[in-house]
Amino acid sequence: MNNTKQPRVVLLHGVGLDHSMWQPLQQLLGRESVALDLPGHGAQPVLREKQNLASLAADVLSRIPVTEPVHLVGFSLGALIAQHIARFAPDRVRTLVAVNSVCRRTRSESAAVEQRLATAGTDFAEGVDRAIERWYPPAETRVPGEVIEATRRVLLANDLESYLHAYAVFARGDREIAGELAAIGQPTLAITGELDPGSTPQMSHRLGEVVPNCQVRIVPGARHMLPVENAAALAAELNRFFSDNEGKSS
């Protein structure tokens, strides 16, 4: 039987970024996709109240197309939001992909991200510089300088209060969703970079151990900004994963 149109791909970026981070990947996917700005980011209204994972997820869910379940892809904070949507609005999600996602941080991992949150609140520009250095180490990265500077501009353009509210959810949201992960029923892919120091391969394996139908992929040589650093590798994994799961239900 002739299949209907492929489900749309919905892309959720990370904290401090915006929908533009997905442009390299979208050009390689070969299927319809939409990249949404998270609450308090990009063209979305600023955040003036404390948030949690549930409130951010509700906002995003209200803007996801409702015609059919989507392939939901989240990066970093977007991955936590995507997990929450998959768990609590399962009819809206065909498959779930967690890209460079944190999961059940250890005490030391939590302390490190809380320190970054504190730094952002006292010296935002310094926090941006440190993020750029983590994501694109000068002696190692092959990402073009103009791409790195574009990332820096997006980060520096953030409304500080919005950023802090969102970063607090990134720092603590893994605890909010941890007890619900085993109830996620959609086919799931957890993928991260081999060298990501914050959303580590171990965290993707933690997701793989607790989410029932979860595959794990580790991209050699990649760090945190996998969708920018190696969009081709990520696109290949996504296209394979989507096609495999569409085939199973056709």
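A few comments on the model shown:
- Residue match in the range 81-96 (condition: of a type outside the set (Asp, Glu), without any contact (Cβ under 8 Å) to a residue 12 or more places away in the chain and farther than 20 Å from Leu17 by Cα): no
- Looking across the range 88-104, the residues that are over 16 Å from the mean Cα position of the chain (by Cα) and over 18 Å from Leu38 (Cβ atoms) come down to Pro90, Asp91, Arg94.
- Those residues of the range 90-133 which are among the basic types (Lys, Arg) and part of a loop (DSSP other than H, G, I, E, B), in sequence order: Arg104, Arg105
- Residue within the range 161-174 that is surrounded by fewer than 16 Cβ atoms within 10 Å (Cβ to Cβ), under 24 Å from Gln115 (Cβ atoms) and within 17 Å of the chain's Cα centre (by Cα) present: no
- Residue in the range 141-149 that is under 20 Å from the mean Cα position of the chain (by Cα) and under 21 Å from Gln51 (Cβ atoms) present: no
- The range 126-140 - residue that is more than 20 Å from the chain's Cα centre (by Cα) and surrounded by 11 or more Cβ atoms within 10 Å (Cβ to Cβ) and, of those, nearest to Leu195 (Cα to Cα): Pro137
- Restricting attention to the range 22-31, the residues that are part of a loop (DSSP other than H, G, I, E, B) and modelled with pLDDT of 95 or more total 0.
- Within the range 83-101, considering residues that are more than 11 Å from Ile184 (Cβ to Cβ) and of a type in the set (D, E, K, R), the one surrounded by the most Cβ atoms within 10 Å (Cβ to Cβ): Arg94
- Whichever residue in the range 155-207 is out of contact with any helix residue (DSSP H, G or I) (no Cβ under 9 Å at 6 or more places or on another chain) and of a type in the set (Asp, Glu) and, among such residues, is farthest from His13 (Cα to Cα): Glu161
- Among residues of the range 50-98, those that are of a type in the set (Phe, Trp, Tyr) and farther than 17 Å from Phe242 by Cα, counted: 1
- Yes/no for Leu164 being of a type in the set (A, V, I, L, M) and under 25 Å from Ser55 (Cα atoms): yes
- If you go through the range 182-211 and pick out every residue that is over 12 Å from Ala98 (Cα atoms) and among the aliphatic types (A, V, I, L, M), you end up with 5.
- Applying the condition of being of a type in the set (Ser, Thr, Tyr) and under 24 Å from His224 (Cα atoms) to the range 2-61 and asking which residue is surrounded by the most Cβ atoms within 10 Å (Cβ to Cβ) yields Ser33.
- Scanning the range 181-202 for residues that are outside any loop (DSSP other than H, G, I, E, B), of a type in the set (A, V, I, L, M, F, W, C) and surrounded by fewer than 24 Cβ atoms within 10 Å (Cβ to Cβ) yields Leu181, Ala182, Ala183.
The values are calculated or read from the model by the stated rules, or taken from the named source; none is laboratory data. In this text, all values refer to a predicted model and were calculated from it rather than measured experimentally. Please note: Cβ atoms are built from the backbone with ideal geometry, for glycine as well, and neighbour counts cover all protein chains shown.
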